[in-house]
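See below for the structure under consideration.
A short reminder: the numbers here are calculations on the coordinates, not readings from a lab. Given the structure is predicted, the values throughout are model-derived calculations rather than measurements. FYI the Cβ positions are ideal-geometry reconstructions off the backbone, even for glycines, and counts take in every protein chain you see.
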Amino acid sequence: MKIKKAKYDVAGIGAALLDFTVNVDDSFLKEINLVKGHMQLVDEATSAEILERISHMEMSVAPGGSSANTLAGVAALGGKGAFIGRVGNDSNAERYIGETLKSGVESFIKHGHGMTGHAITFITPDSQRTFATHLGACTSLSISDIDFGVIEQSSIIHLEGYLFEPQQQREICYEAMKRIKDAGGHVSLDLADPSLIGRIKDVFDDVIEKYADIVFANEDEVLAYTGSAEHDGLHILAEKTTFAVAKLGERGSLIKTAGNIIKVDPFMVDVINTNGAGDMYAAGILYGLTSGKSAEAAGKIASYASSLVVSSAGARYNGKIDPVKFI
């Protein structure tokens, strides 16, 4: 897969969410009416109540959001990334932008009204993740917030699937995809969530068939999108795009490109949490492709980078990563 050289290796558009991560037991999730293993959108009042409930607990606070996490991973590997999103007008807004810059990602984040979006991630003893998410200012991201010149100066635009559900943000994505394609770049899409696929599969059909060059999906998302699991599902997905990835968790991953299936073995580590692993995996693939590596080498980089995330406490790996020492 030949990737054009550009000012930015990867530009990303996504939800600028501040991540609050805390360890709890299953009974606590029942107390606050969250379904284990699921993402639940909550309003501002509910979010404030939950934050008050966990205020005495030990927690980490870091910038997050799927696309933003991937851009931070690209930067950690040595690539050049740019993130486009929207924060509120509270103290968390400046924190989010400051931490984005600190991670090595160039910020094209705009301020809006209200509260900066945030995701409260609950990690149970079995390493399962449960989310209470308040999108806040993320929902008001508009086409006027987007610097399309940044996108046109990028090798790849990476889009998180959630952006395609709200009509206003879907229009942003379509314009971004058209712009980068016209400029000779590529489109990367993360399918994000099986339930989302069920709601807007027709949209994803259109995006993948017309625009997406690289598509990431975990095993549940592959099944939701294609109706088939793993190898069979990957074959169906690969018929519509150039570079299809099935992430299989602790069993590694599968890549199909140019008619070939590549099995990528996992790096065995002690798993602390799986939050952010898929985002970092995408970062490894995108970094590998934009730096001229083969699909197999990109897969190894992705597997190694994601292993660093699951063996640490947060959704990101804090530090630089040597992407070539094990290839």
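When the chain is fully extended, how far beyond the present Cα-Cα distance does Asp205 get from Leu51, taking 0.36 nm per residue of separation? Don't skip to the answer; put the middle values down first.
Numbers: separation 154, 0.36 × 154 = 55.44 nm, distance 3.79 nm.
Result for the pair: 51.7 nm of gain on full extension.
Given the alternatives (i) 52, 43, 39; (ii) 54, 46, 42; (iii) 100, 50, 34, Cα extents along the principal axes in Å as computed for this entry is given by (i). Beta bridges per DSSP, both residues in segment 1-94: antiparallel share near 60 percent. Most simply put, segment 83-197 has about 40% antiparallel DSSP beta bridges, counting only bridges with both residues inside it.
With r defined as the distance between the Cβ atoms of Glu31 and Lys2 and R0 fixed at 45 Å, what FRET efficiency is calculated, to the nearest 0.05? Could you put the intermediate results ahead of the total?
On the way: r = 53 Å, r/R0 = 1.18.
The computed FRET efficiency comes out at 0.25.
With a threshold of 29 Å on the Cα-Cα distance, the over-threshold entries among Lys36/Lys293; Lys80/Lys210; Lys247/Lys293; Lys36/Lys210; Lys30/Lys201 are Lys36/Lys293; Lys36/Lys210; Lys30/Lys201.
Give the percent of DSSP beta bridges with both residues in the chain that are antiparallel, rounded to the nearest 5.
35
Remark: spin-label model distance His113-Ser127 equals 4.4 nm, labels positioned 7 Å along the Cα→Cβ axis.
Picking from Thr133, Thr121, Thr226, which is most flexible by a Gaussian network model of the chain using Cα springs under 10 Å? Fluctuation is largest for Thr226.
A Stokes-Einstein calculation at 37 °C with viscosity 0.692 mPa s, built on the Kirkwood radius of segment 225-327 over Cα pairs, returns a diffusion coefficient of 237 µm²/s. Model label sites at Thr242 and Ser144, defined 7 Å from Cα along the beta-carbon direction, differ in position by 3.5 nm.
What ranking, highest mean first, results for peptides 263-271, 170-178 when packing means the other Cβ atoms within 10 Å averaged over each residue? Let's see the in-between values first.
Working: 263-271: 14.1, 170-178: 18.0.
Order by mean packing, descending: 170-178, 263-271.
When Rg and the Kirkwood Rh are both derived from Cα coordinates, the Rg/Rh ratio for segment 239-288 amounts to 0.99. Each of Asn89, Leu141, Ile208 was scored by the projection of its Cα onto the charge dipole of the chain, and the greatest displacement toward the positive side belongs to Ile208; charges sit on the C-beta of Lys, Arg, Asp and Glu. Each stretch of four or more DSSP H residues adds -39500 (n - 2.57); spread over every residue of the chain, this sum gives -11500 deg cm²/dmol at 222 nm.
Each label was represented as a point 7 Å from its Cα along the Cα-to-Cβ direction; for Glu171 and Gln40 these points are 3.3 nm apart.
Tell me, in nm to one decimal, what length is gained between Ser195 and His235 on full extension, where the rule is 0.36 nm per residue of separation less the Cα-Cα distance? List each step's numbers first, then the result.
On the way: separation 40, 0.36 × 40 = 14.40 nm, distance 2.14 nm.
Net length gain for the segment: 12.3 nm.
Listed from fewest to most Cβ neighbours within 10 Å, the set His56, His113 follows the order His56, His113.
Look at Leu223, Leu189, Leu163 and count the other Cβ atoms within 10 Å of each Cβ; fewest to most, that gives Leu223, Leu163, Leu189.
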